[in-house]
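Heads up, the thing below is written out as structure tokens.
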Amino acid sequence: MRKPAIIVAVLAVIVGMGIAIYVHYAPTPIGKIMAHPRDYESSETRIAGKVTSRASMLLVRYFTLEDGTGEITVITDRALPNIGEKVRVRGRVVQAFALGSLQTTVFRESGIE
């Protein structure tokens, strides 16, 4: 009678660890970030989606990432991904510009996964 209880306990631990890993590594919907950007400013987060545009200016490289819930500009120091490419990135949300009611929220990339 003890073996089934031990097996159930071990399976519960494995499932719990799997859920914790998924929650930690699952990308956050961009629409959720854009609705409440301040909630994501202080912690590293992950996003994923399709690259819809890209640009390289004198000192700044960036691309736009869209995931079906919204889109966000991703600032990077790395080589730019191709338009149409699906990427996962990790980084932090940054308020790049604010003037009165106008504001621009961007994602400062710290790594591509």
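The values are calculated or read from the model by the stated rules, or taken from the named source; none is laboratory data. All figures in this text were calculated on a predicted structure; none of them were measured in a lab. Cβ: placed from backbone, ideal geometry, glycine included. Neighbour counts: every protein chain shown. Heavy atoms of the whole protein, side chains included, go into the accessibility calculation; ligands, DNA and RNA do not. Shrake-Rupley method; radii C 1.70, N 1.55, O 1.52, S 1.80 Å.
Restrict the check to region 41-63 and report whether at least one residue is exposed (fewer than 15 other Cβ atoms within 10 Å of the Cβ), assigned to a helix (DSSP H, G or I) and not aromatic (Phe, Trp, Tyr).
There is no residue in region 41-63 that is exposed (fewer than 15 other Cβ atoms within 10 Å of the Cβ), assigned to a helix (DSSP H, G or I) and not aromatic (Phe, Trp, Tyr).
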- prompt: Of the residues that make up region 93-100, is at least one modelled with pLDDT of 95 or more, open to solvent by 80 Å² or more (accessible area, probe 1.4 Å) and in a strand (DSSP E or B)?
  reply: no
- request: Out of the residues in region 23-40 that are hydroxyl-bearing (Ser, Thr, Tyr) and not in a loop (DSSP other than H, G, I, E, B), state the one that is least open to solvent (accessible area, probe 1.4 Å).
  value: 40
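Residue-by-condition table, conditions (1) among the charged types (D, E, K, R); (2) touching a helix residue (DSSP H, G or I) at 6+ places or on another chain (Cβ under 9 Å); (3) free of Cβ contacts under 8 Å to residues at least 12 places away in the same chain:
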| residue | (1), (2), (3) |
| --- | --- |
| 31 | no, no, no |
| 36 | no, no, yes |
| 44 | yes, no, no |
| 50 | yes, no, no |
| 57 | no, no, yes |
| 60 | no, no, no |
| 68 | no, yes, no |
| 72 | no, yes, no |
| 76 | no, no, no |
